[in-house]
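Shown next, in structure tokens, is the structure this report addresses.
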Amino acid sequence: MVQVSGTISGPPDTGVSVNGIRAYVNNSQFATPPFVVDTSTSSLTAQATTIDGLTATASNTVMSVPGAPATTLTTGTPVGFSPLPLQFNLMTNVAQTIQTVSVDYEDSTSYNGTTLGNLPIHTYSLPGVYVANATITFTSGPQQTASAMVIAIALLEQRDDLCSAYAYLRAQMAANQVVKATQTMTGDLSTRLTPFFQAMATNNEIAGVAAQLGTLAAGTIGLDAADLLAIRDVSGQLLGYPVHFVRDSNGVWRINQM
């Protein structure tokens, strides 16, 4: 199992994937959940993708060692919204008497104890990518170490990415750019709406429709899907309709239903 982190520079709603695994982005930092790398893998490639399909890649050579590690530090919640409470589990198969157990959570806090298994719940109060490092000291023999990466995401930044995707749709419709407008959508929705958008563009109606799409308001935002309500003023009356977003395989937020 591996986790990969790094930094990116790009416009809002830039997605990142590593060897096809979606990463999560917060304030120009990205991190993947744990994923399996087999012994045939010789490199890890990170790809950044913008909503209009531009990409950039970076690769590092890796060496995969067969077999399970002697000591592991894991959590069932490697990704979540900040503040992020989670429980680490520390295990070792080293047959020695444990003297001390310590975990540096990389947020200026730590844990010290003498037992393995589920550790006390720790909360990451601020958004960011953190690497928790555990050390087991035995009464005899060398120490054992293990680490686990987590990413605490700012909900506000997630919402900004969703609003950016919606604003890009409206801007491209207003500019009569059908192809770019439908790039904001997942494949099925894009296929269904492209003929409709093309007809509106031919009749010079698409810009008018863009002006009527309204503004995103309240809703529910998850790590990989979101449901927001778009509000518009019609003759002095506020009307709303739902817009459903999903993160695609490249980690980019796109409109799935509207």
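The values are calculated or read from the model by the stated rules, or taken from the named source; none is laboratory data. Since this is a predicted model, take the numbers as computed values, not measurements. Quick reminder, even Gly has a Cβ in these numbers, built from the backbone with ideal geometry, and neighbours come from all protein chains shown.
Does Ser147 qualify as being surrounded by 13 or more Cβ atoms within 10 Å (Cβ to Cβ), within 26 Å of the chain's Cα centre (by Cα), within 30 Å of Asn93 (Cα to Cα) and not hydrophobic (A, V, I, L, M, F, W, C)? Talk me through it step by step, then tell me what you get.
Values: surrounded by 13 or more Cβ atoms within 10 Å (Cβ to Cβ): yes; within 26 Å of the chain's Cα centre (by Cα): yes; within 30 Å of Asn93 (Cα to Cα): yes; not hydrophobic (A, V, I, L, M, F, W, C): yes.
In short, yes.
Would you mind finding the one in Thr75, Thr71, Thr100 that is polar (S, T, N, Q) and more than 20 Å from Pro142 (Cα to Cα)? So that I can check it myself, show each step before the final result.
Working: Thr71 fails: more than 20 Å from Pro142 (Cα to Cα); Thr100 fails: more than 20 Å from Pro142 (Cα to Cα).
That would be Thr75, the only listed residue that is polar (S, T, N, Q) and more than 20 Å from Pro142 (Cα to Cα).
Please tell me if Ala58 is surrounded by 13 or more Cβ atoms within 10 Å (Cβ to Cβ) and in a strand (DSSP E or B).
Considered against the rule, which asks whether it is surrounded by 13 or more Cβ atoms within 10 Å (Cβ to Cβ) and in a strand (DSSP E or B), Ala58 comes out as no.
Surrounded by 12 or more Cβ atoms within 10 Å (Cβ to Cβ) and either modelled with pLDDT of 90 or more or not basic (Lys, Arg) (or both): does that describe Thr41? Lay out the reasoning, then the answer.
Values: surrounded by 12 or more Cβ atoms within 10 Å (Cβ to Cβ): yes; either modelled with pLDDT of 90 or more or not basic (Lys, Arg) (or both): yes.
Answer is yes for this residue.
Quick one: is Thr202 modelled with pLDDT of 90 or more and not assigned by TED's automatic domain parsing to the domain that holds Val131?
When the stated conditions are applied, Thr202 does not pass them.
Restricting the search to the range 125-158, which residues are over 22 Å from Thr32 (Cβ atoms) and either of a type in the set (Asp, Glu) or part of a helix (DSSP H, G or I) (or both)? I'd like the intermediate steps shown before the answer.
In the first step, residues of the range 125-158 are kept if they are over 22 Å from Thr32 (Cβ atoms); the result is 125, 135-144, 156.
Leu156 - this is the single residue of the range 125-158 that is over 22 Å from Thr32 (Cβ atoms) and either of a type in the set (Asp, Glu) or part of a helix (DSSP H, G or I) (or both).
What are the residues in the range 1-48 that are within 15 Å of the chain's Cα centre (by Cα) and hydrophobic (A, V, I, L, M, F, W, C), if any?
Val4, Ile8, Val16, Val18, Ile21, Ala23, Val25, Phe30, Ala31, Phe35, Ala46, Ala48
Being surrounded by 20 or more Cβ atoms within 10 Å (Cβ to Cβ), touching a residue at least 12 places away in the same chain (Cβ under 8 Å) and over 30 Å from Thr92 (Cα atoms) narrows it down to one of Ala165, Ala217, Ala207, so name that one. Full working, then the answer.
Numbers: Ala217 fails: surrounded by 20 or more Cβ atoms within 10 Å (Cβ to Cβ); Ala207 fails: surrounded by 20 or more Cβ atoms within 10 Å (Cβ to Cβ).
Testing whether each residue is surrounded by 20 or more Cβ atoms within 10 Å (Cβ to Cβ), touching a residue at least 12 places away in the same chain (Cβ under 8 Å) and over 30 Å from Thr92 (Cα atoms) leaves just Ala165.
Evaluate the following for Asn112: is it surrounded by fewer than 18 Cβ atoms within 10 Å (Cβ to Cβ), at positive phi and not β-branched (Val, Ile, Thr)?
Details: surrounded by fewer than 18 Cβ atoms within 10 Å (Cβ to Cβ): yes; at positive phi: no; not β-branched (Val, Ile, Thr): yes.
Considered against the rule, which asks whether it is surrounded by fewer than 18 Cβ atoms within 10 Å (Cβ to Cβ), at positive phi and not β-branched (Val, Ile, Thr), Asn112 comes out as no.
For a quick check of your reading of the model, give me the residue pairs whose first member lies in the range 125-136 and is outside the structural domain of Leu73 (by TED's automatic domain parsing) and on the phi < 0 side of the Ramachandran plot, whose second is buried (at least 16 other Cβ atoms within 10 Å of the Cβ) and not in a strand (DSSP E or B), with beta-carbon atoms closer than 8 Å and at least 6 apart or on different chains.
none
Taking only the range 216-247 into account, find how many residues are of a type outside the set (A, V, I, L, M) and either touching a helix residue (DSSP H, G or I) at 6+ places or on another chain (Cβ under 8 Å) or not in a strand (DSSP E or B) (or both).
If we filter the range 216-247 for residues that are of a type outside the set (A, V, I, L, M), which is where we start, we get 219-220, 222, 224, 227, 232-233, 235-237, 240-242, 244-245, 247.
This time we only want the ones that are either touching a helix residue (DSSP H, G or I) at 6+ places or on another chain (Cβ under 8 Å) or not in a strand (DSSP E or B) (or both), so: 222, 224, 235-236, 245.
Final tally of qualifying residues: 5.
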